[in-house]
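Following: one structure in structure tokens, then a few remarks.
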Amino acid sequence: MSAALDQGPLSGLRVLVPRTTTGLDPLAIALTAAGAEPVAVELITTVPPEDPTEIDDLLLALDAGYYTWLAVTSAATLPVLTSRAEEIDSTLAELVADTQVAAVGPATARALRAEGVHVDLVPRGTSSAASMLEQWPALSGEGRVLVPHADLASPRLVDGLRARGWQVDDVVAYRTLRGAPPEPEVLAAWSGGGIDGVLLTSGSTARHLVELLGPPPPGVLVCCIGPSTEAEARRLGLPVAAVAEAQTPAALVEALASARTRPPHPDSHPRRAPR
């Protein structure tokens with residue numbers, strides 16, 4: 001490790017990362033740049049729907065210009081959308097050439113642009129359905145929106161758009177499942193005080209952290225990427241030390257660095273999660 005990383009704000013910390021992607025992990029990169037050692041654990045895994053017929057039909061409608069908007073509420077939908085686009089001999093960029101595209105936040109927008117997709121709306125503030133709905137343009141005449149989402153996604157965006165007069169088709173693009181059991185050395189490090197922090201990127205990662213590893217031992221800094229993740233973590237009895245100001249890997253790592261410098265709260269010990 002370089003001297004610059006040795007002196008980073010997270011120097012000497014081992015931090016659990018709920019790795020769910022292949023290739024380079026932005027969270028692991030941000031942690032390493034801050035001097036920490038990321039410990040990757042597959043708390044969740046995403047899989048496409050068992051029957052992709054509905055997605056294929058909606059993508060063909062998208063290609064025909066049927067929709068005014070495509071709303072992408074998670075970068076995790078992209079592998080499914082791009083792979084299904086290939087199945088119909090196209091690309092996602094080609095399918096949305098005549099459609100406006102909304103991304104829930106900067107990370108999702110970057111993932112879309114990496115696929116060559118233009119992005120017309122990225123809401124300011126938190127990367128959430130609430131922010132997207134709040135800043136969604138007013139309806140003029142008729143308008144149709146396609147919303148591919150996770151099986152566990154909140155209906156807030158879909159319900160809110162329909163309440164404003166938009167015609168909305170929503171489809172499950174992927175299912176969120178619990179990841180594989182952690183390696184024995186990871187379990188030993190977790191229970192034995194060898195992990196200093198954990199970054200939670202969704203309510204699912206909070207739930208599966210408790211299921212796969214158990215509640216955090218005393219002293220582990222629990223940092224959440226946003227308010228909905230925080231709410232689920234607290235419901236489970238996890239001692240949340242910090243919440244990122246923006247839903248990005250850099251902001252989550254900054255929240256961890258800030259939590260490290262604060263004195264521990266007297267009630268920061270973990271509580272048993274409800275069964």
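Okay, here's what the table says:
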quantity	calculated
Filtered residue count, region 130-148, keeping only those that are open to solvent by 30 Å² or more (accessible area, probe 1.4 Å), touching a residue at least 40 places away in the same chain (Cβ under 8 Å) and within 16 Å of the chain's Cα centre (by Cα)	0
Single residue of region 192-220 satisfying the filter (part of a loop (DSSP other than H, G, I, E, B) and touching a helix residue (DSSP H, G or I) at 6+ places or on another chain (Cβ under 6 Å)) that is least open to solvent (accessible area, probe 1.4 Å)	ILE195
Residues of region 34-73 classified as within 24 Å of ARG110 (Cβ to Cβ), open to solvent by 30 Å² or more (accessible area, probe 1.4 Å) and touching a residue at least 40 places away in the same chain (Cβ under 8 Å), total	7
Residues satisfying the stated conditions in region 149-166, i.e. open to solvent by 60 Å² or more (accessible area, probe 1.4 Å) and either within 22 Å of ILE225 (Cα to Cα) or touching a residue at least 60 places away in the same chain (Cβ under 8 Å) (or both)	ASP151, LEU152, SER154, PRO155, ARG156
Of all residues making up region 187-215, the number that are over 23 Å from ALA153 (Cβ atoms) and out of contact with any strand residue (DSSP E or B) (no Cβ under 6 Å at 6 or more places or on another chain)	11
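This table checks each residue for (1) within 20 Å of LEU58 (Cα to Cα); (2) in a strand (DSSP E or B); (3) open to solvent by 10 Å² or more (accessible area, probe 1.4 Å).
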residue: ALA76; (1), (2), (3): yes, no, yes
residue: VAL80; (1), (2), (3): yes, no, yes
residue: ALA85; (1), (2), (3): yes, no, no
residue: SER90; (1), (2), (3): yes, no, yes
residue: ALA97; (1), (2), (3): yes, no, yes
residue: ALA102; (1), (2), (3): yes, yes, no
residue: ALA111; (1), (2), (3): no, no, yes
residue: VAL117; (1), (2), (3): yes, no, no
residue: GLY125; (1), (2), (3): no, no, yes
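The values are calculated or read from the model by the stated rules, or taken from the named source; none is laboratory data. What you are looking at is a predicted structure, and each value in this text was computed from that prediction instead of being measured. Quick reminder, even Gly has a Cβ in these numbers, built from the backbone with ideal geometry, and neighbours come from all protein chains shown. Side chains are part of the model used for accessible areas, which takes the heavy atoms of the whole protein and leaves out ligands, DNA and RNA. Shrake-Rupley method; radii C 1.70, N 1.55, O 1.52, S 1.80 Å.
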